[in-house]
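Beneath this line is the structure, given in structure tokens, with notes to follow.
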Amino acid sequence: MSAEVKPVDTLDLRGVLCPMNFVKTKLKLESMQKGEVLEVILDSGEPIQNVPKSIKEEGHKIIDVKKEEDHFRLLVEKGE
Amino acid sequence: MDRFIEDKTTRVEVSLDGETKKLDFGELKTGGFIKQRQRDLFTVRLRCPGGRVPTDKLIEISKIAHKYSKKGVIHLSFRQSIEILYVDYKDFPELVKELEAIGWKVASCGPRVRVPTACGGCEYNPNGLTDTQALAKMVDEKFFGTPTHHKFKISFSGCPIDCARTREMDLGFQGVVEPEWEEPPCTGCTICAEACKEGAIESDPDTGKPIYYPDKCIYCGDCIRACPTGAWRAKRYGHLVRIGGKHGRWPMEAVEVALFVPDEKVPEVIEKTIEWYMANGMRGERIGKTLERVGVEKYLEFMKDVFGDNVLEAKEAACQQK
């Protein structure tokens, strides 16, 4: 879908608990330009249950999701 | 003195604007004046449907509370309303006049429809599926104070987390959303299966696409909110209707009687339920007891036209009641 999209940065949030993982994602996205892509790595369980919902609600777009063992690799495109 | 001043029909003489006037307790129809342990002192319960108070009103209420509470304290009631404590009953006319001047009303106690309670709902809570605050306002305007056989408590929860505890209400409305999945935008990312806390969605081991088990679904909408591509969408929103719950010394769990009841049907559900309760209940009996005595199926029969296709099977409802 978007394998050729190059993220400008990566946040490895493995081991980071809710809601700090979302806060870190949000702060990072705020420092970026609209349309730029951030790679976020999230643990299974609570983080993957909550963080994508919150990212969407803040107006950003999740353009790719890959499951890798016990974590997920997300590509998030910054919205307005 | 009686515990609830609304039950008194006698008059007392009070001094008002320098002249002696009669205070008719019967005129304080809404009730909400609750006798305290302390002689002559009452708690005045204000009407705060859904626990929502505009800040400009809150400032005025604070001033009034500060003036009339002999101890300078308020209490937040278990039904989300502000209670002014330690009010001398001789001050009632003045207090009521001041509240009226700011457009605020006193709540109720006794056998009638109480101030409705509600969570934040979909207006600002991310989990919210229904506009619980608007519905609480509607109930307060339309049904507050309606006489019933015993107290009648209504609440609104915006989602299945059920913060407004609809299972413990005489009549409770809990927000639900029916999810619907469409193949084309789905990328098989498996986030929905991870997001579902009920095990109602599993991912196909090969494609990652969802396998949905409606029996396990509690209609919270987490899959819809989590889905990155919009493959999961809301088919319809509505209320899970619960009836006959109560807390107190002998708590009862409400029976689930209808699912996906739309907003516009809520007033009719309340109206007809009260009608059934008044026709079948007895003085001093909560509706949960009436349902136990008369039978849930009799209630469902009466509500047939109101609930329509949204009705949950009487058998289902009855066995949940135990």
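Read-outs throughout are calculated quantities, based only on the coordinates presented, and are distinct from any laboratory measurement. Keep in mind it's a predicted model, so treat the numbers as computed, not measured. Glycine also receives a Cβ, built like all others from the backbone with ideal geometry; neighbour counts cover every protein chain displayed.
Dipole of the protein assembly as shown (Lys/Arg Cβ +1, Asp/Glu Cβ -1, origin at the Cα centre): which of B:Gly110, B:Thr290, B:His239 lies farthest to the positive side?
Result: B:Gly110.
Counting only other chains, and only Cβ atoms inside 10 Å, what mean value do you get across the residues of B:193-201?
Per residue, the average neighbour count from other chains is 2.
Evaluate peptide A:45-58: per residue, the Cβ atoms of other protein chains within 10 Å of its Cβ; return the mean as an integer.
The per-residue average across the peptide is 4.
Would you mind counting up the charge near B:Met169? Only other residues with Cβ under 14 Å from its Cβ, with Lys and Arg at +1 and Asp and Glu at -1.
+4
Give me the net charge for the shell around B:Phe144: Cβ to Cβ below 9 angstrom, other residues only, Lys and Arg +1, Asp and Glu -1.
+3
Most exposed first by the Cβ proxy, i.e. fewest other Cβ within 10 Å, how do B:Val255, B:Val106 rank?
B:Val106, B:Val255
Provide a whole-number value for the mean count of partner chain Cβ atoms within 10 Å of the Cβ atoms in peptide B:220-227.
Per residue, the average neighbour count from other chains is 3.
Run the dipole for the protein assembly as shown about the Cα centre, Lys and Arg Cβ at +1, Asp and Glu Cβ at -1, nothing else charged, and hand back the magnitude in debye, nearest 20.
2000 debye
Checking the a/c ratio against 1.5 first, then a/b against b/c, what shape does the Cα gyration tensor give for segment B:188-320?
Prolate is the answer for segment B:188-320, as a/c is 1.5 or above and a/b outweighs b/c.
Taking every DSSP beta bridge that has both residues in segment B:68-222, what percent is antiparallel when rounded to the nearest 5?
55 percent
Give me the percent relative contact order of chain B, please, defined on Cα pairs under 8 angstrom at least 6 residues apart.
Contact order relative to length: 12 percent.
So how strong a dipole does segment B:133-266 carry about its Cα centre when Lys and Arg Cβ are +1 and Asp and Glu Cβ are -1, to the nearest 20 debye?
In debye, rounded to 20, segment B:133-266 gives about 760.
Would you work out if chain A is rounded, prolate or oblate? Take a ≥ b ≥ c from the square roots of the eigenvalues of the alpha-carbon gyration tensor; rounded if a/c is under 1.5, else prolate when a/b is larger than b/c, oblate otherwise.
Oblate is the answer for chain A, as a/c is 1.5 or above yet b/c matches or exceeds a/b.
Out of residues 5 or more away from B:Ser203 or on other chains, whose amide H comes under 5 Å of its own, with H placed 1.01 Å from N in the peptide plane?
B:Ile211
Once you have a ≥ b ≥ c as the square roots of the Cα gyration tensor eigenvalues for the protein assembly as shown, tell me rounded if a/c is under 1.5, and otherwise prolate or oblate according to whether a/b is larger than b/c.
oblate
Can you compute the charge dipole magnitude of chain B about its Cα centre, using +1 on each Lys and Arg Cβ and -1 on each Asp and Glu Cβ, nothing else charged? Give it in debye, rounded to the nearest 20.
With Lys and Arg at +1 and Asp and Glu at -1, about 1660 debye.
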